[in-house]
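The values are calculated or read from the model by the stated rules, or taken from the named source; none is laboratory data. What you see is a predicted model, and the numbers here were worked out from it, not measured in a lab. Ideal geometry is used to build each Cβ from the backbone, glycine not excepted, and the neighbour counts take in all protein chains shown. Please note that ligands, DNA and RNA were not included when accessible areas were found on the heavy atoms of the full protein model with its side chains. Shrake-Rupley method; radii C 1.70, N 1.55, O 1.52, S 1.80 Å.
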Amino acid sequence: MTKPSWLAALTLFTLLSSGVCGYAQRVYTLEEIFKSADDANLTIKTYTTGMEEGRKEIEEARSNYLPDINTSLSLSYIGDGFTTRRNYSDYQKAPIPHLGTGLSLSVEQPVYTGGALSSSVKLAELKSVTRSLELENVTDNLHFQLTDFYLNLYKYHNLKKVIESNIISAKKILQEMSDRYDEGTVLRNDITRYELLVSNLELELIRITNTLEILNENLVTLSGLPANTIVTPDSTILNRSLPATGEDLWQNEASINSPAIKMAVNGVNISRMYERMTKAERLPKIGLQAKWTMDGPILVEIPPINRNLSYWYVGVGVTYNISSLYKTNKSLARCRIATQKAGEYLEDLREKVSLSVSADYIRYMESYEQLKTLQKSVELAERNYHTIATRYSEGMALITDMLDAADARLNTQQRLVNGRIEIIYNYYKLLFTSGQI
């Protein structure tokens, strides 16, 4: 090899080993995929920021317990005045000091607001809980979507192995047929039909490879992994001992952990809090007041006195909106209907979640029985295939029998792969429905 060729080879090796043009490929467990998504997914980041906004709203509501402090400072020019009789005759000019000043400081501390302040804080806390539950719901949906991509990736990896194995077997049979064709014991048409089978298998392999690429890209993007990552599913996932607990336990977990139910319960509490705040409008507001002021000149005297007048006071202020007695009736009625509606929605949602858990549990148990049947089917299909292959080699079976046996074996092998994945999928579907994923 010439020197330039050695340099080119060395450069290519360096680039590949440093990952500049390579891909990061390794085995990822489903839990690692979840963790990456929780840390890097943009949708989750948006809802996490929303939770921080909710905490600030609570702090803002609590600040209303602090006293209101106001101060003012004014500086003005006062023009001269004049006096007249009541019939506007006898005009006389009234000189007034032209520099006007004003300074005041007032403090008001709420003491009793009829529950308005405490309700506003509680409402902010409930809204913050809603944001937290929204994040939990979005996270659960994302985890389940990632589970679907991950298990499909695993399934198509296994299907790819099945197709490749069948291609190897088909090509072996095809070579045997070619040898027998040379001997004059096989028709050319038989070879053509088997070549078509191999061609179809190779086309299916291309489709599976493309599907794997699409699934990998979706999984990497949603989980926030580096762009060039190639995810290899954890093969031990099928060997996990999944619990086959009774439906009652799943139903109980769903009633406690379902984000949808928890959001509906929180919605009822929010409606009740709005109802309480509406009732608070009918109650008087009591607060401690203190004020100090200094103004000048003193204009209430004639002639005006060019001095500052200062005074202060402390006391208790009571305000009561009398119109609330007849204005809040409709608002209160509306709030009560909203609370009733929220309660009815909660009961309807509980029923729907219960039905979903029941259906998912039945499918979960069914997938175990389905797997037993599929395992038996694969065993029979393998036995049938080898029997037909032996008979065909001995000239005791037709090419159609061979094709049928190959199709039957491929079909049962694919269904077995799907059946094993189906158990894992149904288990995670139960976790998702019951709010535990």
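What's the number of the only condition in (1) within 30 Å of residue 233 (Cβ to Cβ); (2) touching a residue at least 24 places away in the same chain (Cβ under 8 Å); (3) not hydrophobic (A, V, I, L, M, F, W, C) that residue 101 fails to meet?
(1)
Conditions: (1) under 24 Å from residue 93 (Cβ atoms); (2) of a type outside the set (A, V, I, L, M); (3) in a loop (DSSP other than H, G, I, E, B). Residue 295 meets all but one. Number of the miss?
So the condition that residue 295 fails would be (3).
In the range 248-281, what residues are farther than 19 Å from residue 125 by Cα and either assigned to a helix (DSSP H, G or I) or among the polar types (S, T, N, Q) (or both)?
Across the range 248-281, the qualifying residues are 248, 249, 250, 251, 252, 253, 254, 255, 256, 257, 258, 279.
When the residues of the range 407-437 are filtered to those that are of a type in the set (A, V, I, L, M, F, W, C) and within 28 Å of the chain's Cα centre (by Cα), which remaining residue is most open to solvent (accessible area, probe 1.4 Å)?
The selected residue is 432.
Among (1) under 30 Å from residue 112 (Cβ atoms); (2) among the β-branched types (Val, Ile, Thr); (3) assigned to a helix (DSSP H, G or I), there is one condition residue 43 misses while meeting the rest; what is its number?
So residue 43 meets the others, but not (1).
Condition test on residue 164, is it open to solvent by 40 Å² or more (accessible area, probe 1.4 Å), in contact (Cβ under 8 Å) with a residue 12 or more places away in the chain and among the acidic types (Asp, Glu)?
Taking the combined requirement at face value, the residue satisfies it.
Just checking, does the range 224-236 include any residue being more than 25 Å from the chain's Cα centre (by Cα), surrounded by 12 or more Cβ atoms within 10 Å (Cβ to Cβ), of a type in the set (A, V, I, L, M) and under 30 Å from residue 132 (Cα atoms)?
The answer is no; no qualifying residue exists.
Considering only residues of the range 101-141 that are in contact with a strand residue (DSSP E or B) (Cβ under 9 Å, 6 or more places away or on another chain) and of a type in the set (A, V, I, L, M), which is farthest from residue 284 (Cα to Cα)?
That would be 103.
Among what's in the range 363-409 and is outside any helix (DSSP H, G or I) and aliphatic (A, V, I, L, M), pick the residue that is farthest from residue 433 (Cα to Cα).
Only one residue fits best here, namely 396.
Answer yes or no: is there a residue in the range 86-94 that is in contact (Cβ under 8 Å) with a residue 12 or more places away in the chain, of a type outside the set (Gly, Ala, Ser) and surrounded by 11 or more Cβ atoms within 10 Å (Cβ to Cβ).
The answer is no; no qualifying residue exists.
A quick yes/no check of all residues on (1) under 26 Å from residue 187 (Cβ atoms); (2) open to solvent by 80 Å² or more (accessible area, probe 1.4 Å); (3) at pLDDT 90 or above; (4) of a type in the set (S, T, N, Q):
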residue	(1), (2), (3), (4)
360	no, no, yes, no
371	no, no, no, no
386	yes, yes, no, no
390	yes, no, no, yes
394	yes, yes, no, no
401	yes, no, no, no
405	yes, no, no, no
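Looking at 68, 80 in this structure, which one is among the acidic types (Asp, Glu), more than 30 Å from residue 115 (Cα to Cα), without any contact (Cβ under 8 Å) to a residue 60 or more places away in the chain and surrounded by 10 or more Cβ atoms within 10 Å (Cβ to Cβ)?
80
For the range 323-358, enumerate the residues that are among the β-branched types (Val, Ile, Thr), over 27 Å from the mean Cα position of the chain (by Cα) and surrounded by 15 or more Cβ atoms within 10 Å (Cβ to Cβ).
328
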